Amino acid sequence: MIQGLGLKAQNTTGVYLTENDYKDHKLTYASNTDKIQLNEFFGGNTIAVVNEGKKVNLNKNQIFGYRLANQDYRFYNNTAYKIIDTAGFTIYSREKLTQQAKGYAPVVKYFYSVNNKQAVKDLTVANLTASFPKATDFRYSLQNNFRNDAELASYDKVAKQYEVKYLYFAHKSVIANNQ
């Protein structure tokens, strides 16, 4: 059994043990310092949290995610994804080292999940189309409004939302009736 101090997530670092903890902003092993060791190098499957001076190791596949530097993250297949938008369906981002002309450089890649229980997938028109097969209007809007997958991450600063989310909500009643 995992025990720890539960606090509301604000400017605090800590772990979300479950999806409900995330929804309720309830952190375990919460502190005001950024003391989470992610062990991402070589695909580590644990994180280490310093709680009351003691190091606690947790399996990534047994916790929902964590909060670090005022940002929430979700674990999926032992990989941390930055949660950037949760309205309707969740959009995530993650920096990946990608081969460039002069070596490797970090590039931000975008992902999504239909809900927090579903798989995290690459944010592509094909994947969104497959995730919402009965939402014909939404699927056609995706195909007509985005020339390539990179455009799916376009953010409308005036509307303060991702353009793909605008299309999603424009067709949400159709999506809800067909799921």
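The values are calculated or read from the model by the stated rules, or taken from the named source; none is laboratory data. As the structure is a computational prediction, the values presented were derived from the model and not from experiment. For neighbour counting, all protein chains shown are included, and Cβ atoms are generated from backbone atoms with ideal geometry for every residue, glycine included.
Find all pairs meeting these conditions: Cβ atoms under 6 angstrom apart; at least six residues apart or on different chains; first residue within segment 59-76 and under 11 Å from TYR16 (Cβ atoms) and free of Cβ contacts under 8 Å to residues at least 24 places away in the same chain; second residue among the aliphatic types (A, V, I, L, M) and in a strand (DSSP E or B).
Here the result reads TYR73/ALA80, each pair linking segment 59-76 to a residue that is among the aliphatic types (A, V, I, L, M) and in a strand (DSSP E or B).
Looking only at segment 96-117, count every residue that is under 12 Å from the mean Cα position of the chain (by Cα) and not β-branched (Val, Ile, Thr) and tell me the total.
Adding up the residues that qualify gives 8.
Residue check, TYR104 against (1) outside the structural domain of THR28 (by TED's automatic domain parsing); (2) assigned to a strand (DSSP E or B); (3) surrounded by 13 or more Cβ atoms within 10 Å (Cβ to Cβ), all met but one. Which one?
Tallying (1) outside the structural domain of THR28 (by TED's automatic domain parsing); (2) assigned to a strand (DSSP E or B); (3) surrounded by 13 or more Cβ atoms within 10 Å (Cβ to Cβ), TYR104 fails exactly one: (3).
List every residue pair whose Cβ atoms lie under 9 Å apart, where the two residues are 6 or more positions apart in sequence or sit on different chains, the first residue falls within segment 95-107 and is more than 20 Å from ALA80 (Cβ to Cβ), and the second residue, located anywhere, is surrounded by 10 or more Cβ atoms within 10 Å (Cβ to Cβ) and of a type in the set (Gly, Ala, Ser).
GLN99/ALA105
Can you say whether GLN118 is assigned to a loop (DSSP other than H, G, I, E, B) and either surrounded by 18 or more Cβ atoms within 10 Å (Cβ to Cβ) or not aromatic (Phe, Trp, Tyr) (or both), as far as the supplied structure shows?
Criteria met by GLN118.
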